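Worksheet: the structure to be examined is printed underneath.
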Amino acid sequence: MTDETMTIREMCDAFDVTPRTLRFYESKELLFPIREGQKRLFTRRDRARLKLILRGKRFGVSLEELRQLLDLYDIGDQQNAQLQASYEVGLKRLAEMESQRDALNTAISDLRDQLKWGEEMLASMNASRDAAE
């Protein structure tokens, strides 16, 4: 490996991903390694893109949205469009995640109430059974 390129194994080790993952991202035109026969060499740009892909995935951003955001890097405006679009996608995902969290909190509360009711019913049934014996 040089400072400029990494092999697929080095990428896997550095980013804790599988070769299959890297090939998948390549097939989706998210990464563009240099091909030397069967060998793939990943550039600094690929590493930066992979870092952003993995971060985006963690936040639930779709691969298509990620591809569009990554493609904005090349339009020549010092990444202003990319940063603005990324910020807007981030705001949207944050709102979606907060909504999901709120729905989950409501479901958890409802389930706790149901379990408490079930616990009380079981205790009542067991007390009635014990009294009859």
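Listing for the model above:
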| item | result |
| --- | --- |
| Set 102, 74: member being of a type in the set (Asp, Glu), at pLDDT below 90 and in a helix (DSSP H, G or I) | 74 |
| Hits in segment 1-22 - residues which are of a type outside the set (Ser, Thr, Tyr), open to solvent by 70 Å² or more (accessible area, probe 1.4 Å) and not in a helix (DSSP H, G or I) | 1, 3, 4, 16 |
| Pair list, Cβ < 6 Å and 6+ apart or interchain, from segment 65-83 residues that are of a type in the set (Lys, Arg) to residues that are surrounded by 14 or more Cβ atoms within 10 Å (Cβ to Cβ) | 67/30 |
| Count of segment 74-133 residues which are open to solvent by 70 Å² or more (accessible area, probe 1.4 Å), within 22 Å of the chain's Cα centre (by Cα) and charged (D, E, K, R) | 5 |
| Restricting segment 41-64 to residues that are among the β-branched types (Val, Ile, Thr) and under 24 Å from residue 91 (Cβ atoms), the residue that is surrounded by the fewest Cβ atoms within 10 Å (Cβ to Cβ) | 61 |
| Number of the exception - residue 25 against (1) open to solvent by 100 Å² or more (accessible area, probe 1.4 Å); (2) in contact (Cβ under 8 Å) with a residue 24 or more places away in the chain; (3) of a type in the set (Ser, Thr, Tyr) | (1) |
| Qualifying positions in segment 28-40 - open to solvent by less than 30 Å² (accessible area, probe 1.4 Å) and either more than 19 Å from residue 62 (Cα to Cα) or aromatic (Phe, Trp, Tyr) (or both) | 33 |
| All positions within segment 51-71 that are in contact with a helix residue (DSSP H, G or I) (Cβ under 6 Å, 6 or more places away or on another chain), part of a loop (DSSP other than H, G, I, E, B) and of a type outside the set (A, V, I, L, M, F, W, C) | 60 |
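The values are calculated or read from the model by the stated rules, or taken from the named source; none is laboratory data. As the structure is a prediction and not an experimental result, all values here were calculated from the model. Heads up, the Cβs are rebuilt from the backbone with ideal geometry, glycines too, and the neighbour counts pull from every protein chain shown. Only protein heavy atoms, including side chains, enter the accessible area calculation; ligands, DNA and RNA are left aside. Shrake-Rupley method; radii C 1.70, N 1.55, O 1.52, S 1.80 Å.
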